[in-house]
1. Please find, among THR149, THR138, the residue that is more than 26 Å from ILE224 (Cα to Cα) and among the polar types (S, T, N, Q).
2. Would you pick out the residues in segment 86-118 that are surrounded by 15 or more Cβ atoms within 10 Å (Cβ to Cβ), without any contact (Cβ under 8 Å) to a residue 60 or more places away in the chain and part of a loop (DSSP other than H, G, I, E, B)?
3. Against the conditions (1) under 18 Å from LEU67 (Cβ atoms); (2) without any contact (Cβ under 8 Å) to a residue 40 or more places away in the chain; (3) of a type in the set (Ser, Thr, Tyr), where does SER183 fall short? Just the number, please.
4. Which residue out of SER197, SER159 is in a helix (DSSP H, G or I) and not hydrophobic (A, V, I, L, M, F, W, C)?
5. So, in segment 67-85, of the ones that are farther than 27 Å from LEU258 by Cβ and loosely packed, with under 13 Cβ neighbours inside 10 Å, which residue ends up nearest to the chain's Cα centre (by Cα)?
6. Which condition breaks for LEU167 when tested against (1) in contact (Cβ under 8 Å) with a residue 24 or more places away in the chain; (2) farther than 30 Å from GLY111 by Cβ?
7. Regarding LEU232, is this residue assigned to a loop (DSSP other than H, G, I, E, B) and touching a strand residue (DSSP E or B) at 6+ places or on another chain (Cβ under 9 Å)?
8. Using the structure shown, decide if ARG134 is of a type in the set (Lys, Arg) and within 30 Å of ARG219 (Cα to Cα).
Amino acid sequence: MNLKEPTFSEQLRVLADTSAGSIEVLPLPMLSSVVAQKQTSDTVALQPSQFSGSIVTDWRISSFSSLTRDIHQAPHSGSSAASSDPIINFTAGSHVGLFLHKILEELDFQGDIAAQTIALNQRHAPHYGFDAERQQETVVTWLQHIVNTPLNEAGLMLSQLSRHRRLDELQFDFAIDKVSVTSLNHVVGEWAGVTLSPVSVEDFRGMITGIIDLVFEHRGRYYIADYKSNYLGSALADYAPEQLRQAIFDRRYDLQYLLYVLALHRYLRQRLRDYDYNQHMGGVYYLFLRGMRPATGPRYGVHHDLPPHALIDELDSRVLGYQSSRDTSTAQSQSDKGESA
């Protein structure tokens, strides 16, 4: 017997018949049955509304890099004589800084520095274009120098810092009202006491963002450390305090660490119930890694500054202020270390 397959319409009809009235099959309307409505004189012609507001064009997320993008760095004026120091002679470039930052971020300052550095060098060197075996001895010696160099006359060293007293790669974002770049240049330049290459971006508002290499606590004070792999010359003397101070101003790192201090100031104000800038803020250490040597301590490679409270307060309340800054500034660690520092 030749059974004919039911059509789709027949299947729908069976489905409707067995649905106890819950399904109804109706024919689709024909195109010819659709009649266009003729516009009458009573029909209201629609017109687009006229925009009468304003669009904010100066709101942006800014950073130290974006603020100083038009500032050209002067070439180093240090010694160019040949040097036999493999650390000073280590190749220069942004990839060097990224490589050293990565190792310092993962390094336990109180652990076996040599063993850790060998492992970290083997792991990360290829990603930054380095021959791990060829540079291993230099990198191990270099990291031992960095963590064991006294940062001040009291003997503070990175090797004294346990993991729970440090925050690596601390990200921050804080809100700002309208910033007058002229005012910013004036206030920072007046504090520096020297002629600085001015920030030349347009006035702006919005957010300022950044990442601080290291925040640590020592004896009740909180410090910022920033790692710099800059090549300033072939002699250790090129990394003395006056040369570092000049490098700071030439590259406008002074503005960078003022932003960092302001971010930490707002962060600590939220986290410490009895926070007081003069009591809790320890300042910034800009560590020029090529010049750090345990035997010479802070005489080479170490730049420390504690900006006056009045300057930070002026930046906080007026120049880079925000009417709700106590409630809106945020900071968090990439390494998810919570509230410890």
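Rule-based calculations on the coordinates, nothing more; no lab input. In this text, all values refer to a predicted model and were calculated from it rather than measured experimentally. Neighbour counts are summed over all protein chains in view; Cβ atoms, including those assigned to glycine, are modelled from backbone coordinates with ideal geometry.
1. Details: THR149 fails: more than 26 Å from ILE224 (Cα to Cα).
Just one listed residue meets the conditions, THR138.
2. Matches in segment 86-118: LEU107, PHE109.
3. (2)
4. Numbers: SER197 fails: in a helix (DSSP H, G or I).
After ruling out the rest, the residue left standing is SER159.
5. SER80
6. Among (1) in contact (Cβ under 8 Å) with a residue 24 or more places away in the chain; (2) farther than 30 Å from GLY111 by Cβ, the lone unmet condition for LEU167 is (2).
7. Numbers: assigned to a loop (DSSP other than H, G, I, E, B): yes; touching a strand residue (DSSP E or B) at 6+ places or on another chain (Cβ under 9 Å): yes.
Yes.
8. Working: of a type in the set (Lys, Arg): yes; within 30 Å of ARG219 (Cα to Cα): no.
No; evaluated as a whole, the condition is false for this residue.
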